[in-house]
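The values are calculated or read from the model by the stated rules, or taken from the named source; none is laboratory data. This is a predicted model, so every value here is computed, not measured. Positions of Cβ are backbone-derived with ideal geometry, glycine not excepted, and every protein chain shown enters the neighbour counts. Heavy atoms of the whole protein, side chains included, go into the accessibility calculation; ligands, DNA and RNA do not. Shrake-Rupley method; radii C 1.70, N 1.55, O 1.52, S 1.80 Å.
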Amino acid sequence: MTYKKNDIVHIKISDISAEGTGIGKVDGYALFVKDALIGDEAEVRITKVKKSYGYARIERLIKKSCFRVKERCTIARQCGGCQIQALSYDEQLRFKRNKVRSDLIRLGGFDEEYIDRIMEPIIGMDAPWRYRNKAQFPIGTDKEGNPVAGFYAGRTHNIICNTECYLGTEENKSILDIILLHMKKYNISAYDENTGKGLIRHVLIRKGFNTGEIMVCIVINGRDNESEYIRGQKELLNEISRVPGVKSISVNINTEKTNVILKDEVINLYGSTVIHEVIGGIDFAISVLSFFQVNPVQMEKLYDTAIEYAGLTGKETVWDLYCGIGSISLFMARNAKAVYGVEVIPQAIRDAYDNAKRNHFENVKFFVGKAEEILPEFYNSRADDEMKTPDVMVVDPPRKGCDQNCLDIILKMRPNRIVYVSCDPATLARDLKILISGGYELKRVRPCDMFPHTVHVETVVLLSREKVDGYISIDLDVELFESKEGRA
Ligand code: SAH
């Protein structure tokens, strides 16, 4: 049966897409249904028809999914940040686990029964709200001319006014309210994307959950006047610094017409240039520009899983590829002989060294560059270096996964174990297929929910070398030879 635009069909929603849209099938034809959830049964109107799938929206909800819950946030749908807030948390976890499972089977080519046997339960959050330690609020102007802070609606650049996001900290609202009030009092304009005029563009707030330290950075479109970055600056700093925990206030200057929020120039106006966060007993310093995982509670659980999978005893040599500020590297370094991190952003490597030094690690080294370039260089130049034959390799790439050259060099270096930390199950599955055909076996899989209420899911995977390799068999030969000698 072929369908056309405006057809009304009856559908049951059975899945959710990568963008958070409900998916159901009519006679094998897949429809992406906006705002529909797993378990919903509805009459939908087809809005767009493609060859093998189409789009639709709900005309009449016939049976509400038993997994539907009341959204805590009133603007969840417009904001688009929480695509699946209306799904009960247990069902969110089930959906994410299934996504990892089906990608491994469908895209990775793994056997269904095998995956079901080795896959471990998803690590959920006990309290899945207020987990984000970082928020970046755009500042705009409403119809009455008042300054507002909020979120960009869906994929647009319209700001929805909202200073209370339940994924962020409670202090966000207090700090934003102070800034908005100050803007009103001093008649300070918000930046206007269309004209490129106006002063205040964004407010970035970060908090160390285990230290209580808070950092505020106001992104401005140049200096307000000769003596101040922002009119009434002293009063503003005074007000913000009264919020308990505030340890650092700065401005970031961004005068370009761009979607990029932060530019390189940060000027500290109050307190320290960094805040601290302690995770797993390691003290991290976080600056305005540095990368840090946004969910510290789950970050610790994720890293603990990676450490467990790495099977460290204190004797191992470990490479940590895509290491960021070296957080996984330092977690590993406590139980390894040596850890080498690789990361493409130079500032992240500087942060990694600072973190290593502050925490008295002497067995870590970091390299700036692309993993797929740095590793082959090592491999080809350092003939008999231990670094060439690591026991463990950890990879934690961005969503697009590992570069083919990176996978090739991993296979050449033949670590005993590979721990793959992934933020996209589809690229994970693709990369695993390559590593498996290179002689590795998939041993363990554990999804972890770092971003409740969104469609994202992280996964930690352990691969180990399938066959007894050259080195081990040579060792065995030597042993046999020696024992024969001994007997003789
Ligand atoms: N492991 C870190 C960061 C993971 S995010 C942590 O847990 O905190 C992925 C990191 O990979 C980012 O810091 C990004 O800058 C880096 N990256 C992206 N492409 C890279 C490449 N080709 N080689 C090395 N690092 C890369």
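Applying 1/(1 + (r/R0)^6) with r as the Cβ-Cβ distance of Lys315 and His276 and R0 = 30 angstrom yields a FRET efficiency of 0.45. Distant-in-sequence amide contacts of Val394, defined by a placed amide H-H separation under 5 Å and a gap of 5 or more residues or a different chain, comprise Trp319, Asp320, Leu321, Val419. Per-residue Karplus couplings for the range 218-229, computed as 6.51 cos²θ - 1.76 cosθ + 1.60 with θ equal to phi - 60°, are listed in order as 9, 8, 10, 8, x, 7, 6, 8, 4, 9, 9, 6 Hz, Gly and Pro entered as x. Taking 0.36 nm per residue of separation and subtracting the Cα-Cα distance, full extension of the segment from Tyr114 to Ser52 would add 19.3 nm. In this simple spin-label model, placing a label point 7 Å from the Cα along the Cα-to-Cβ direction at both Tyr379 and Asn225 gives a separation of 6.2 nm. Here the range 159-210 and the range 1-47 have alpha carbon centers that stand 38 Å from each other.
What relative contact order, as a whole-number percentage, does the chain give when Cα pairs under 8 Å and 6 or more residues apart are counted? Provide the component values of the computation, followed by the final result.
Working: 996 pairs, mean separation 57.0, N = 488.
Result for the chain is 12 percent.
What does the charge count around Gly326 come to, taking other residues whose C-beta lies under 12 Å from its C-beta (Lys +1, Arg +1, Asp -1, Glu -1)? Intermediate values should be presented prior to the final figure.
Values: positive: Arg350, Lys357, Arg358, Lys365; negative: Asp320, Glu343, Asp351, Asp354, Asp396.
Value of the local net charge: -1.
Under 5 Å from the amide H of Phe367 lie the amide H atoms of Gly341, Val342, Glu343, each residue being 5 or more positions distant or on a separate chain, with H modelled from the backbone and absent for Pro and chain starts.
Distance from the alpha carbon centroid of the range 451-466 to that of the range 57-126 works out to 14 angstrom.
When the accessible area of the range 375-453 is split by element with a 1.4 Å probe, what percent falls to carbon and sulfur?
Working: 1360 of 3100 Å².
C and S fraction of accessible area: 44 percent.
Shown for the chain are the DSSP H helices of 24 Å or more along their axis, judged by Cα atoms, with a mean Kyte-Doolittle hydropathy of at least -1.0: 470-487. In the range 134-279, the portion of solvent-accessible area held by carbon and sulfur atoms comes to 47 percent [1.4 Å probe, whole percent, DNA, RNA and ligands not counted].
Residues of the range 276-320 falling in the label zone of Lys357, defined by backbone nitrogen less than 19 Å from a point 7 Å along Cα to beta-carbon, are 276-277, 282-291.
From the alpha carbon centroid of the range 401-422 to that of the range 366-395 is 11 Å. What's the FRET efficiency of Lys263 with Asp27 using the Cβ-Cβ distance as r and R₀ = 56 Å, to the nearest 0.05? That gives a FRET efficiency of 0.60. Counting 0.36 nm for each residue step from Lys433 to Thr156 and taking away their Cα separation leaves a gain of 96.0 nm. Under a 5 Å amide H cut-off, with hydrogens placed 1.01 Å from N, Lys443 pairs with Leu462, Leu463, Ser464 among residues at least 5 apart or on other chains.
Figure note: Leu312, Leu31 ranked by solvent-accessible area, largest first, 1.4 Å probe, ligands and nucleic acids not counted: Leu312, Leu31.
Suppose the chain between Glu386 and Arg130 were pulled fully straight at 0.36 nm per residue; how much longer would it get relative to their current alpha carbon spacing?
87.8 nm
Only one residue of Leu180, Ile115, Ala348 has its Cα farthest out toward the positive end of the dipole of the chain, where Lys and Arg carry +1 and Asp and Glu -1 on Cβ, and that residue is Leu180. With a Förster radius of 51 Å applied to the beta-carbon distance between Lys365 and Glu170, the computed FRET efficiency rounds to 0.80. At a probe radius of 1.4 angstrom, the accessible area of the chain per residue rounds to 48 square angstrom.
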